[in-house]
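What follows is a single structure, written as structure tokens, with notes after it.
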Amino acid sequence: MLTFVFVCLSISVTGLHADFTVVVVSPSVKVKENEGVDLKCSYTADFGATPRIEWKFKDLKGYQFFIYFAGMITAEYEGRITVYDGGLRFNKVTQADSGDYDCEVSGNGGYNEKTIKLTVLVPPSKPVSRIPSSVTTGNNVRLTCFDADGSPPSTYRWYKDNTPLPEDPTKFPNFKNLTYKMNVFNGNLEFPSISKLDTGSYFCEASNGEGAPQRGDAVHMEVHDEDNSQAPAVSGNLSTETQNVPSKITMNHMLEKQYGIFMLQEVKLKLEIQKLELEITKLKLEVQKLGQ
């Protein structure tokens, strides 16, 4: 009976030994640009007295780098970070430091990791927008707006004649005749079939909750009907050509007829010459006979 209890206790201890737990204080950390921040990562004692600790960083574009490897800070982060027992400290962060940080711990045959998402807070900058000044009715027209600096990424709204446009115009009586589509996440304002009602002064605004919203430059967009005044008078040209066709045909026919008459006269003349040559030959023969 005592032996059985000992075996059970041994199994229980072995199970606890296989936990190898890694703990982060906060899986998501936000900090303003140019400030310092700690990314805290701790681990259980079952990794041993001197576990192997590594830090990796994956940026917002998906590229991954080592920050701390084989007990050393990598060259790109020297002077910028400090690694200590229980975490990693940035002296000063920039927007490029936003991304995922993996704290990896291994030792005594165990391995575990945890990820901390760092967001560096940056106010939006003045957005760059593309707004045409003149468009034709019925065309598909897209206005674009983009803020390159805001972190987290900015959301967008559009204004027409200094009045904010609702994201869905069909829900508001004053805008129900407008048929635009607004994407607040990528900044596009699209008119599937633009009309004269859409004529006006437009600008966009970027905001992300950090600092004041930023507005782009206003541009007046004029919507006009297609100008057909420069189009060629196809029907007029066709009628003129049609009137000229009979006269051209008549002239060609007369020329062909005259040419045929000339050719016939030439053939007759050649036949007459051949007859004369034959008569002359006969006369020469008669003269020769008389001479004999």
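What to note about this one:
- Net charge, PHE57 excluded, C-beta distance under 10 Å - Lys, Arg +1, Asp, Glu -1: -3
- Counting Lys and Arg as +1 and Asp and Glu as -1 over every other residue whose Cβ lies under 15 Å from the Cβ of GLU190, the net charge comes to +2.
- Note on ASP19: accessible area approximately 90 square angstrom, rounded to 10, probe 1.4 Å, nucleic acids and ligands left out.
- Of ILE73, ILE81, the residue with the largest accessible area leads and the full order is ILE73, ILE81 (1.4 Å probe).
- Based on C-alpha pairs under 8 angstrom that are at least 6 apart in sequence, the range 90-180 has a relative contact order of 19 percent.
- Using θ = phi - 60° in the Karplus curve 6.51 cos²θ - 1.76 cosθ + 1.60, the 3J(HN,Hα) couplings for the range 120-137 round to 8, 7, 10, x, x, 9, 4, x, 9, 10, 10, 10, x, 8, 8, 9, 9, 4 Hz; x is entered for Gly and Pro.
- Accessible area per residue, Å², the range 128-224 with all protein chains present, probe 1.4 Å: 54
- The range 50-110 - accessible surface per residue (Å², probe 1.4 Å): 55
- Here the Karplus curve 6.51 cos²θ - 1.76 cosθ + 1.60, taken at θ = phi - 60°, turns the phi angles of the range 88-102 into couplings of 9, 10, 8, 5, 7, 9, 10, 4, 5, 7, 5, x, 9, 10, 9 Hz, with x standing for Gly and Pro.
- Using θ = phi - 60° in the Karplus curve 6.51 cos²θ - 1.76 cosθ + 1.60, the 3J(HN,Hα) couplings for the range 20-31 round to 6, 8, 10, 10, 10, 5, 9, x, 9, 10, 10, 8 Hz; x is entered for Gly and Pro.
The values are calculated or read from the model by the stated rules, or taken from the named source; none is laboratory data. This is a predicted model, so every value here is computed, not measured. Cβ atoms come from the backbone with ideal geometry, glycine included; neighbour counts cover every protein chain shown. Accessible surface is based on the protein model in full, side chains and every heavy atom, while ligands, DNA and RNA are left aside. Shrake-Rupley method; radii C 1.70, N 1.55, O 1.52, S 1.80 Å.
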